[in-house]
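First up is the structure itself, then whatever we jot down about it.
Any read-out appearing in this document is the output of simple, stated calculations on the displayed coordinates, not a laboratory observation. Remember, it's a predicted structure, so these values are computed and weren't measured experimentally. Note that each Cβ is placed from the backbone with ideal geometry, even for glycine, and that neighbours are counted across all protein chains shown.
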Amino acid sequence: MIWNPEAETLPRERLRALQLERLRGTISLLLRAVPAQAARMRAAGIESASDLRSLDDLRGLPFWTKADLREHYPFGLLAVPRELLARVHASSGTRGKPTTVGYTRGDLEVWSEVMARGLALGGARPGMMMHNAYGYGLFTGGLGFQQGAELLGCTVVPISGGLTQRQVMLMQDLRAEVLCCTPSYALHIAQTIAEQGVDPATLNLAVGFFGAEPWTEQMRAEIERRLGLMAINIYGLSEIVGPGVSAECHEERRGAHVQEDHFLVEVVEPESGEPLAPGQEGELVFTTLTKEALPLVRYRTGDISALDVAPCRCGRTTARMARLRGRRDDMLIIRGVNLYPSEVERILLGVDGAAPHYQLFVDRAPSMLDELTVTCEPAGHGVDAEGLRQRAEAALRDETGLTMTVHVLAEGEVPRSEGKAVRVVDRRTD
Ligand code: DLL
């Protein structure tokens, strides 16, 4: 089911024409209503929206980053009077002040629309029972899924995160068909199900929408096996709207379809900022095309992905973004080797006897060399910890070229998350 066939199957030429028209509208609004944005645009030679003759002219516009949002915290980049905000959310940054974002009523409607599209993409249908274990609150996960599911016509259980045993009981009793949470929390739920002796086959789950943190194909296979559902990758960020910027279709599950009539996507080379061609991996950059309260032009996400604009079997014409390799700032440079935490996840999940719970610690030794330690757990009582340690160390060394120390902890000792998992603990002090 395609929620909005007209928008989602638009021939790409027409889509680009629509994007240009909407981009000009956004530029006019910013020039008129947001002094900080207008100043940067003028410095780049843009005096009016008509200076943009084609979408290619976008590359002449300056980037915006999370640091800019922090600088203008909390409401310095709003294009409407604060009184017109219907809601405020914030990004999940753990250090210092969060980055706040605001929505007009119109923005909330667009968000519901793109979320309904995303849920339909993954195979959710009107009438389905949805267990929504994303956190409700300033985080955009809970309410974003809530709104989209209501528009689609699902029955929502707004359980939020936590009290996992109770979650399992409610999933059983209310016959949840759709599960929404972070991939790490899905595993936590799966483990609780196993500990309670519940047979996953007695659950009614058909599809799960997982996102808000990096995860791998190996993790997808593990979640599907344990929960007996089809796992869909859904992506978004609060600065742009929240969840629903893109989602995979259940037909292909090869890249997440970006809602391009609302969000213009580019991939740029992280160092130079030069635009990259489809298929090339780089940093995702989004421009909002219909946002009223907080329009953003060329917002650098820090997320590493690649685009595919080839037609999709599902019939949609929208570009697909590859599963995220990770965030640019999560990339570790260890003894000259680049390492994304998702690489460790991929390798570890291929090791016989390893459970899908892990953390990566980075320390700086007195010799000033950085050292990596991985903690993991055995998958079940029968696994010999010493054998697992040796297999994991060998696999990590062979595949990354880096020596990592592996500590096999007892089952349940790697911290579990109810939201975004903390995968990397950087203990370097400088
Ligand atoms: O995490 C929005 C969201 C909620 C997306 C629920 C999906 C599901 P923020 O808290 O602002 O918003 O964090 C955004 O999370 O820049 C990515 O680094 C990461 N992220 C989001 N979705 C995915 C995903 C929400 N599917 C940041 N895969 C983004 C990998 C993801 N990383």
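The amide H of Met230, built 1.01 Å from its N in the peptide plane, has Val207, Gly208 as neighbours under 5 Å, considering only residues 5 or more places off or on other chains.
Expressed as an acute angle from 0 to 90° and rounded to the nearest 10, what is the orientation of the C-alpha long axis of helix 140-152 relative to the principal long axis of the chain? Taking the Cα atoms of the chain, the angle to 140-152 is about 70 degrees.
Treat every Asp and Glu Cβ in segment 331-426 as -1 and every Lys and Arg Cβ as +1, leave all other atoms uncharged, and give the resulting dipole magnitude about the Cα centre to the nearest 20 debye. Approximately 220 debye in magnitude. With R₀ set to 35 Å, the beta-carbon distance separating Asp57 from Asp329 gives a calculated FRET efficiency near 0.75. With the simple model of a label 7 Å out from the Cα in the direction of the Cβ, Ala410 to Thr429 spans 3.2 nm. Please work out the Cα center distance from segment 343-420 to segment 1-40, rounded to the nearest Å. About 45 Å separates the Cα centre of segment 343-420 from the one of segment 1-40. Each label point was placed 7 Å from the Cα along the Cα-to-Cβ direction; for Gln165 and Asp398 their separation is 4.2 nm.
Across segment 402-411, rounded Karplus estimates of 3J(HN,Hα) from the backbone phi angles (6.51 cos²θ - 1.76 cosθ + 1.60, θ = phi - 60°) give 10, 8, 10, 8, 10, 10, 8, 8, 6, 4 Hz, Gly and Pro being marked x.
Rounded to the nearest 20 debye, the dipole size of segment 17-134 about its Cα centre is 300 debye, using +1 on the Cβ of Lys and Arg and -1 on the Cβ of Asp and Glu.
In the chain, the calculated helix contribution to ellipticity at 222 nm averages -9500 deg cm²/dmol per residue, counting -39,500 (n - 2.57) for every DSSP H run with n ≥ 4.
Between helix 183-195 and the chain there is an angle of about 30 degrees, using the helix long axis and the longest principal axis of the Cα atoms. Compare the Cα positions of Gly135, Gly102, Gln191 along the charge dipole of the chain (+1 at Cβ of Lys, Arg; -1 at Cβ of Asp, Glu; about the Cα centre) and return the one farthest towards the positive end. Of the candidates, Gly102 comes out farthest on the positive side. Computed over neighbours whose Cβ is under 13 Å from that of Ala201, the net charge equals +1, Lys and Arg +1, Asp and Glu -1. Annotation: amide H-H contacts under 5 Å for Met129 (H modelled 1.01 Å from N, sequence separation of 5 or more, or interchain): Thr155, Glu177, Val178. Qualifying GluC sites (Glu not before Pro) in segment 1-86, where qualification requires a DSSP coil assignment and no more than 15 other C-beta atoms within 10 Å, comprise Glu47. Around the Cα centre of segment 83-124, unit charges on the Cβ atoms of Lys, Arg, Asp and Glu (plus for the first two, minus for the last two) sum to a dipole of about 240 debye. Whole-Hz Karplus values for segment 341-348 come out as x, 5, 5, 4, 4, 4, 5, 4 Hz, taken residue by residue from phi with 6.51 cos²θ - 1.76 cosθ + 1.60 and θ = phi - 60°; glycine and proline positions read x. The angle between the Cα long axis of helix 217-227 and the longest principal axis of the Cα atoms of the chain comes to about 70 degrees, rounded to the nearest 10.
When DSSP beta bridges are limited to those with both residues in the chain, what percentage is antiparallel, rounded to the nearest 5? Within the chain, antiparallel bridges account for around 60 percent of the total. Of the residues Lys97, Lys291, Lys420, the one with the fewest other Cβ atoms within 10 Å heads the list, and the complete ranking is Lys97, Lys420, Lys291.
Backbone geometry of segment 294-303 corresponds, through the Karplus equation with coefficients 6.51, -1.76 and 1.60 at θ = phi - 60°, to 3J(HN,Hα) couplings of 9, x, 10, 10, 6, 7, 7, 7, x, 8 Hz, x marking Gly and Pro.
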